[in-house]
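Worksheet: the structure to be examined is printed underneath.
The values are calculated or read from the model by the stated rules, or taken from the named source; none is laboratory data. Computed from a prediction, not measured in an experiment: that's the story for all the values here. Cβ placement follows ideal geometry from the backbone for every residue including glycine, while neighbour counts extend to all protein chains displayed. Side chains are part of the model used for accessible areas, which takes the heavy atoms of the whole protein and leaves out ligands, DNA and RNA. Shrake-Rupley method; radii C 1.70, N 1.55, O 1.52, S 1.80 Å.
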Amino acid sequence: MVSPRVALAPKVQTAIAAVLGDGYRDADPVLRPSQFADVQVNAALALAKRVGMPPRDLAAKIVEALDLDGVCDTVEVSGPGFVNLTLSDRWIDSLLGAVTVDERLGVPAQTPENIPIDYSAPNVAKEMHVGHLRTTIVGDSLARTLEHLGHHVIRQNHVGDWGTPFGMLIEHLLEVGEDSDEAGLLVTDPNAFYQAARAKFDSAEKAEPPGSAGDFDVRARARVVSLQAGDEATLVHWQRLVDLSKAYFNKVYRTLGVTLTDADLAGESMYNDMLGAVCDELEAAGIATVSDGALCVFLDGYTGREGRPVPLIIRKSDGGYGYATTDLATIKYRVAELEAHRVLYVIGAPQALHLNMVWDTARKAGWLPDEITPVHVQIGNVLGPDRKILKTRSGKPLRLMMLLDEAVEVAQGVIDAARPDLDEQTRARIARQVGIGAVKYADLSVAHDSEYVFDLERMVSLTGNTGPYLQYVVARVRSIFRQAGLDPLAQRAPVAVAQPAGRDLAKRLLDFPDVLVAVGSEYEPHRLTGYLFELAQAFSAFYESCPVLKAETEQVRQSRLTLSALVLRTMVTGLDLLGIEAPEQM
Ligand code: ARG
């Protein structure tokens, strides 16, 4: 175990047990990094209350009982009863030695859990909007991180591939022809296709006298009925529509470097067969009741204006099922069939009410056992320069692919200016990695539930807390090894930290496992971006005061090379868990 806090915990527990008795062996040692010490022990405060002892006295007794020979240089009581530990350089060196030879850089493999993650979830025949961009990026990073921690992640792309609009969409597709340019719009500009279908429907519906503008509306409605009845021919056309949309989603996913594939599609249509049973079961259990012809669930604590209860409608008065019914079937499926230990929903913040009502209903029905806590990873808005939800760009409706192309273009300008010496092809490749990395980093570095302004110029900047800055630091370490003619992955010489900059860098390297564990339990990728940014800064400070290749002795040079190699491995692993590529050079 290489994380200082994890390594120190049993030692502190032993000391606590020595002072208070064996019954306290399992007390949480509460170890934290602090401004004043490498590691701070916070246990005395809570324990003092329990045993009725002044906290500083208890802290002093714990210090006496602590055996930290060779581990800490100083151990002292501070403040209201903290214990401040200063790690010895040699202990840091030995921990780093363990990380150096560890493929996983000290990151523990946790007891595997089944974790379905619901993310991305765009809608068929609709443009992916920036909200989808964000759930896709955040969800993918969580999927990668939880997988890295040893879990069995089951990606669930809950695409909107069912519902009444499919009648008009199928009819429109049939009219224009499945191989036509118009049908091709589903892959390049899905909103244009959708709007054309909608326009036809509306003008047919509103025509006076009725029928004077054709019967598109009548056919569209009939088509919905055939679709819901499972009519074979209709399903073939529906599938064609879904396939074209899949091609569009996959184009976005590939451009973004997102891990979602067709195998992860678990759209709304998948649950069709279960919806009837969901309603029947809830009705039979008395959880759902008919109100104004609709089957509804009324839950305690959900009231609207004037204290009127807000229903969760699971079957409309026309017999149709909706979004809520599908999500009820979904949670049931994830618990029963996917055998989920945890269920993550990476979805827009406004859907919190919907999700909570669905989960509460599922709990009542016994589909969601108490030990499973579903998590809503709330996604905040992306704003334009006017601080309104980003919906258009330069007056035109926002097309996600265009936005990504623009990011690459801006990055191209930055790279062309910074590296005119590289050939065009190399510069283009780097520009793609930097442009996409910049967008993803900007998204991940903000708490997922707060909003941020989409500002390409800032995102692609080579300085500040940006993706390109981190990529640049990685490239710089790589260039050190290129110059030295050495393979960073084979660099295993012992580290001997001496200078403060080296010590600070070493300590940060040792924090990596703790950070990943926290991301995996708090679902906050911005903790990882923050960590990597600080690591990059620590490396820059180290590199300024400690020349690597021109070090005074071979031993020092080797030690600094090992530290640099660890920075490289940690940064590349961390960026990969964010879904960001690290260019060879920049
Ligand atoms: N398709 C929905 C939308 O675009 C998101 C679905 C989220 N997942 C879910 N299980 N409800 O808003």
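Yes or no, residue by residue, for (1) closer than 30 Å to G380 by Cβ; (2) away from the ligand (no atom under 16 Å from the Cβ); (3) part of a strand (DSSP E or B); (4) open to solvent by 20 Å² or more (accessible area, probe 1.4 Å):
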residue	(1), (2), (3), (4)
V290	no, yes, yes, yes
P311	yes, yes, yes, yes
A324	yes, no, no, no
D327	yes, no, no, no
T330	yes, no, no, no
V346	yes, no, yes, no
H354	yes, no, no, yes
Run down D405, D370 and say which single residue is touching a Ser or Thr at 6+ places or on another chain (Cβ under 9 Å) and among the acidic types (D, E).
D405
Note on the stretch 542-586: residues farther than 24 Å from I415 by Cβ, in a loop (DSSP other than H, G, I, E, B) and in contact (Cβ under 8 Å) with a residue 60 or more places away in the chain are V548, L549
Do the conditions hold for G464, that is, is it small (G, A, S), crowded, with 22+ Cβ neighbours inside 10 Å and free of Cβ contacts under 8 Å to residues at least 60 places away in the same chain?
no
Within the stretch 395-412, how many residues are at negative phi and either among the β-branched types (V, I, T) or open to solvent by 40 Å² or more (accessible area, probe 1.4 Å) (or both)?
10
Regarding the stretch 191-200, can at least one residue be identified that is of a type in the set (K, R) and either under 19 Å from E268 (Cβ atoms) or touching a Cys at 6+ places or on another chain (Cβ under 8 Å) (or both)?
no
Single residue of Y248, Y302 found to be in a helix (DSSP H, G or I), among the aromatic types (F, W, Y) and either at positive phi or in contact (Cβ under 8 Å) with a residue 12 or more places away in the chain (or both):
Y248
Residues being more than 16 Å from S245 (Cβ to Cβ) and small (G, A, S) - total across the stretch 187-209
4
Those residues of the stretch 143-157 which are in contact with a helix residue (DSSP H, G or I) (Cβ under 7 Å, 6 or more places away or on another chain) and in a loop (DSSP other than H, G, I, E, B), in sequence order:
L149
Failed item in (1) over 17 Å from the mean Cα position of the chain (by Cα); (2) modelled with pLDDT of 95 or more; (3) farther than 16 Å from E268 by Cα, with L146 passing the rest:
(1)
Selection status of A109, of a type outside the set (F, W, Y), open to solvent by less than 50 Å² (accessible area, probe 1.4 Å) and either closer than 30 Å to P525 by Cβ or out of contact with any Pro (no Cβ under 6 Å at 6 or more places or on another chain) (or both):
no
I'm checking my understanding of the structure. Among residues of the stretch 154-175 that are buried (at least 22 other Cβ atoms within 10 Å of the Cβ) and under 15 Å from the mean Cα position of the chain (by Cα), which one is farthest from the ligand (Cβ to nearest atom)?
R155
Scan (1) open to solvent by 50 Å² or more (accessible area, probe 1.4 Å); (2) at pLDDT 95 or above; (3) more than 16 Å from the ligand (Cβ to nearest atom) for the single condition A365 breaks and write down its number.
(1)
In the list E182, E178, E208, which residue meets the criterion of being open to solvent by 50 Å² or more (accessible area, probe 1.4 Å), more than 23 Å from H132 (Cα to Cα) and not in a loop (DSSP other than H, G, I, E, B)?
E182
Subset of the stretch 332-344 [away from the ligand (no atom under 12 Å from the Cβ), among the aliphatic types (A, V, I, L, M) and in contact with a strand residue (DSSP E or B) (Cβ under 7 Å, 6 or more places away or on another chain)]:
L338, A340
Could you tell me whether R387 is open to solvent by 70 Å² or more (accessible area, probe 1.4 Å), closer than 18 Å to F298 by Cβ, basic (K, R) and away from the ligand (no atom under 14 Å from the Cβ)?
no
Tell me, please, whether a residue that is within 24 Å of G184 (Cβ to Cβ), assigned to a helix (DSSP H, G or I) and either more than 12 Å from the ligand (Cβ to nearest atom) or touching a Ser or Thr at 6+ places or on another chain (Cβ under 6 Å) (or both) can be found in the stretch 135-142.
yes
Can you name the residue in the stretch 211-245 that is outside any helix (DSSP H, G or I) and open to solvent by 60 Å² or more (accessible area, probe 1.4 Å) and, of all such residues, is farthest from H132 (Cα to Cα)?
S212
What residue, of P108, P80, P116, is closer than 23 Å to T373 by Cβ and away from the ligand (no atom under 15 Å from the Cβ)?
P108
For the stretch 272-282, state whether one or more residues are within 30 Å of E147 (Cβ to Cβ) and within 12 Å of the ligand (Cβ to nearest atom).
no
Does the stretch 192-205 include one or more residues that are basic (K, R), within 16 Å of the ligand (Cβ to nearest atom) and either open to solvent by 10 Å² or more (accessible area, probe 1.4 Å) or at pLDDT 95 or above (or both)?
no
